[in-house]
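Everything on this sheet refers to the single structure shown next.
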Amino acid sequence: IRPGISTLELDQIAEDYTLSKGFLPAFKGYQEFPANICASINDEVVHGVPSEKRILNEGDIVGIDFGVFKDEFYADAAFTFPVGEIDNIVKKLLKVTEDSLFKGISNAKLGNKLFDISKAIQDCVESHGFSVVRTFVGHGIGRNLHEDPQVPNFVLQNEQRSRSINLKEGMVLAIEPMVNIGSFEVMPSKDDNDSWTVLTKDGSLSAHFEHTVAITTDGPLILTN
């Protein structure tokens, strides 16, 4: 990832590497998604579609979301990277988002509820003045890319479902906070040729980090390190 490279080039690199290791990219063709990776730049929250026209510039940030499939199982991960030098507030956004992911992961353990993951993420993010996207959430994962339960990165005052789901040995969760500098509100792309990309409604920058995590008797096990 560097200034001057296109997101389509990144997509091709990811595909070539994945196939060389005997895995299959999981996203291409999933619900008709047209690419191997999601590459979301700056105010793009998720599902950015790689293109030869999308060139990374100095000072950008880019979120890369990628899944793989092998031996009947899926894994899913995302990381947001700086492109060259970025402003201090943007560095803070990336750090807080990644920190919130690991706060959530640390609560993915036996004896806890799904609620504990969600609350840990939200508390971390909001303590630094950022906002957690509400429209998209994490998910169970295994023989399907998206499985129950949904894994919110936030807690609603009267929401009971996440408070009632006990974390059990063998559960595998894709935990993935999406965090905005400004408002948590998002909107679809206004490009008629792009039905996938989601952006922040106020134009503020957004970061996304994700790991696939198994719940074991020894604590959370990150499968996508």
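Contact map, the stretch 148-162: residues that are within 19 Å of T212 (Cα to Cα) and surrounded by 12 or more Cβ atoms within 10 Å (Cβ to Cβ) paired with residues that are modelled with pLDDT of 95 or more and among the hydroxyl-bearing types (S, T, Y), Cβ distance under 7 Å, separation 6+ or inter-chain. Pairs shown: P152/S118; N153/S118; F154/S118; S162/S118. Is it true that some residue in the stretch 186-200 is farther than 27 Å from L94 by Cα and surrounded by 15 or more Cβ atoms within 10 Å (Cβ to Cβ)? Taking every residue of the stretch 186-200 in turn, none turns out to be farther than 27 Å from L94 by Cα and surrounded by 15 or more Cβ atoms within 10 Å (Cβ to Cβ). K168 falls short on exactly one of the conditions (1) at pLDDT 95 or above; (2) surrounded by 12 or more Cβ atoms within 10 Å (Cβ to Cβ), and that condition is (2). Beta carbons closer than 7 Å, at least 6 apart along the sequence or on distinct chains, pair a first residue in the stretch 103-119 that is within 14 Å of G219 (Cα to Cα) with a second that is of a type in the set (K, R) for K113/R163.
Within the stretch 207-216, identify whether any single residue is of a type in the set (S, T, Y), assigned to a strand (DSSP E or B), touching a residue at least 12 places away in the same chain (Cβ under 8 Å) and farther than 22 Å from K91 by Cβ, and answer yes or no. So that I can check it myself, show each step before the final result.
The first filter runs over the stretch 207-216 and keeps only residues of a type in the set (S, T, Y), leaving 212, 216.
Applying the additional criterion that residues be assigned to a strand (DSSP E or B) yields 212, 216.
Filter once more, so that each one left must be touching a residue at least 12 places away in the same chain (Cβ under 8 Å): 212, 216.
Still in the running and farther than 22 Å from K91 by Cβ: 212, 216.
Taking every residue of the stretch 207-216 in turn, at least one turns out to be of a type in the set (S, T, Y), assigned to a strand (DSSP E or B), touching a residue at least 12 places away in the same chain (Cβ under 8 Å) and farther than 22 Å from K91 by Cβ.
Checking K21, K119, K109, K92 one by one, the residue that is loosely packed, with under 14 Cβ neighbours inside 10 Å and over 17 Å from H146 (Cβ atoms) is K21 and no other.
Going through the stretch 105-116 one residue at a time, which ones are more than 11 Å from F154 (Cβ to Cβ) and in contact with a helix residue (DSSP H, G or I) (Cβ under 9 Å, 6 or more places away or on another chain)? Across the stretch 105-116, the qualifying residues are I105, S106, N107, A108, K109, K113, L114, D116.
Residues considered: H139, H128. Of these, the only one that is part of a loop (DSSP other than H, G, I, E, B) and either touching a residue at least 24 places away in the same chain (Cβ under 8 Å) or under 30 Å from T217 (Cβ atoms) (or both) is H128.
Restricting attention to the stretch 145-163, does a residue exist that is acidic (D, E) and either within 18 Å of I89 (Cβ to Cβ) or under 13 Å from the mean Cα position of the chain (by Cα) (or both)? The answer is no, given that none of the residues of the stretch 145-163 is acidic (D, E) and either within 18 Å of I89 (Cβ to Cβ) or under 13 Å from the mean Cα position of the chain (by Cα) (or both).
Within the stretch 185-192, identify whether any single residue is closer than 30 Å to V49 by Cβ, of a type in the set (K, R) and without any contact (Cβ under 8 Å) to a residue 12 or more places away in the chain, and answer yes or no. So far as the stretch 185-192 goes, yes, one or more of its residues are closer than 30 Å to V49 by Cβ, of a type in the set (K, R) and without any contact (Cβ under 8 Å) to a residue 12 or more places away in the chain.
Report the residue count in the stretch 151-165 for those that are modelled with pLDDT of 95 or more and either in contact with a strand residue (DSSP E or B) (Cβ under 6 Å, 6 or more places away or on another chain) or more than 12 Å from S118 (Cα to Cα) (or both).
Of the residues in the stretch 151-165, the ones modelled with pLDDT of 95 or more are 151-154.
Subsequent filtering for residues that are either in contact with a strand residue (DSSP E or B) (Cβ under 6 Å, 6 or more places away or on another chain) or more than 12 Å from S118 (Cα to Cα) (or both) retains 151, 153-154.
Residues in the stretch 151-165 being modelled with pLDDT of 95 or more and either in contact with a strand residue (DSSP E or B) (Cβ under 6 Å, 6 or more places away or on another chain) or more than 12 Å from S118 (Cα to Cα) (or both): 3 in total.
The values are calculated or read from the model by the stated rules, or taken from the named source; none is laboratory data. As the structure is a prediction and not an experimental result, all values here were calculated from the model. Cβ sites come from the backbone with ideal geometry, for glycine too, and all protein chains shown count toward neighbours.
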